[in-house]
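The numbers here are math on the coordinates, done by the rules we state, and not lab data. Every value quoted in this text rests on a predicted model; they were computed, and no experiment measured them. When we count neighbours, we look across all protein chains shown, and the Cβ atoms used for this are built from the backbone with ideal geometry, even at glycine.
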Amino acid sequence: MTISKAQIIATIGPATKDREMIKEIIQHGVDAVRLNFSWGTYEEHAGYIKNVKECAKELGKRVTIIQDLSGPRVQEKSGHEFKQGSVEIITEKDLADLKFGIEHNVDYVAMSYVGNAKDILELRNEMQNLGKIIPIIAKIERKVALENIDEIIKTADAIMIARGDLGNEIPLEQIPFVEKDIIEKCKLAKKPVIVATQMMLSMTENTLPTRAEITDIAYAIISGADAVMLSEESASGKHPLEAVEMMEREILESEKHIKNIQINSL
């Protein structure tokens, strides 16, 4: 079985919590899992971590575990949004969640709503206070982050282009070009870069993606993304395995059209 060079990150949730499903998605191309701490209990997340680690060990594979901190967000009808006016990016909930993540040996911590390098350094300092520094993925989802993108890339260990919230801050028509620009900067800095949000959103309900979604994945890979991510498609969707399989197929097809592929793995 041919395995793609670019990585697939799957968000774990109710649709993928069982050991058999976790085994299936790992066998079909998932390289890393994301735990979204905007949802779920510590008991649920501990169960996800336990199942992922056990399944990866049984399959003889390395599966990276990413803890995604909530940051200062508020519940809206359509989901979560940045809490406007927030001065501190690290909330009390984040600190409690971070302690949990360190205790459960997560591999990466994704920081929501990063604005500048100082935010990343503050999180690193909080990790030091808890006794363990974990690599940080800076989520780019605010206009101010785009203004400070060079210092953020330099300071973070990896970058996630979180297009959902980013689309609330800049005109939607700019997103493809912002994505391409950030990927290019990350490649020059040799920092892993993840493209995330709505990559195969229709597959939360359908067994096949739209043609536009397939093109979106191809664009990310051809542009140089090191990883692409599934969110609700794998966390709560009706067809998580099919979404993983289709994403792997499109990555493999896209990689046929790239010479000298350089991947910075998580």
I need the phi-derived Karplus couplings for segment 140-150: 6.51 cos²θ - 1.76 cosθ + 1.60, θ = phi - 60°, integer Hz, Gly and Pro marked x. 9, 8, 10, 4, 4, 5, 5, 5, 10, 4, 5
Proximal charge balance of THR204 [Cβ under 9 Å; K/R count +1, D/E count -1]: -2
Taking H placed 1.01 Å from N in the peptide plane, check which residues at least 5 places from VAL30 or on another chain put their amide H under 5 Å from its amide H. none
Rg [Å, one decimal], Dmax [Å, integer] - the chain, C-alpha atoms: 17.2, 50
Please enumerate, by chain and number, the lysines with C-alpha under 20 Å from the C-alpha of LYS61, excluding those fewer than 8 residues away in the same chain. LYS5, LYS17, LYS23, LYS50, LYS53
Taking a cut-off of 17 Å between Cα atoms, list the lysines near LYS154, but don't count ones fewer than 8 places away on the same chain. LYS118, LYS139, LYS185, LYS187, LYS190, LYS191
Which value at 222 nm does the chain reach when only helices count, each DSSP H run of 4 or more adding -39,500 (n - 2.57), with the total divided by all residues and rounded to the nearest 500 deg cm²/dmol? -13500 deg cm²/dmol
Order these by the 10 Å Cβ neighbour count, fewest first: ARG142, ARG211. ARG211, ARG142
Cross-link partners of LYS256 among aspartates and glutamates (Cα-Cα below 14 Å; sequence separation of 8 or more within a chain): GLU248
For every other residue with a beta carbon closer than 13 angstrom to the beta carbon of GLY224, add +1 if it is Lys or Arg and -1 if Asp or Glu, then tell me the sum. +2
In the neighbourhood of GLN27 defined by beta carbon distances under 11 Å, the net charge of the other residues (Lys, Arg +1; Asp, Glu -1) is -3
Could you grab the relative contact order for segment 7-255? Cα pairs under 8 Å, six or more apart, rounded to a whole percent. 21 percent
So what are the ³J(HN,Hα) numbers for segment 6-19, from phi and the Karplus equation (6.51, -1.76, 1.60; θ = phi - 60°), rounded to whole Hz, Gly and Pro as x? 5, 9, 10, 10, 10, 6, 8, x, x, 6, 10, 6, 6, 4
Could you work out which residue, out of GLY60, GLY47, GLY13, moves most in a Gaussian network model of the chain, that is, has the largest mean-square fluctuation with Cα springs under 10 Å? GLY60
How large is ³J(HN,Hα) for each residue in segment 24-39, as worked out from phi by the Karplus curve 6.51 cos²θ - 1.76 cosθ + 1.60 (θ = phi - 60°), to whole Hz, x for Gly and Pro? 4, 5, 5, 5, 9, x, 6, 9, 8, 10, 10, 10, 8, 7, 7, 9
Check GLN7: other-chain or 5+ apart residues with amide H under 5 Å from its amide H, H built from backbone geometry? ALA227, VAL228
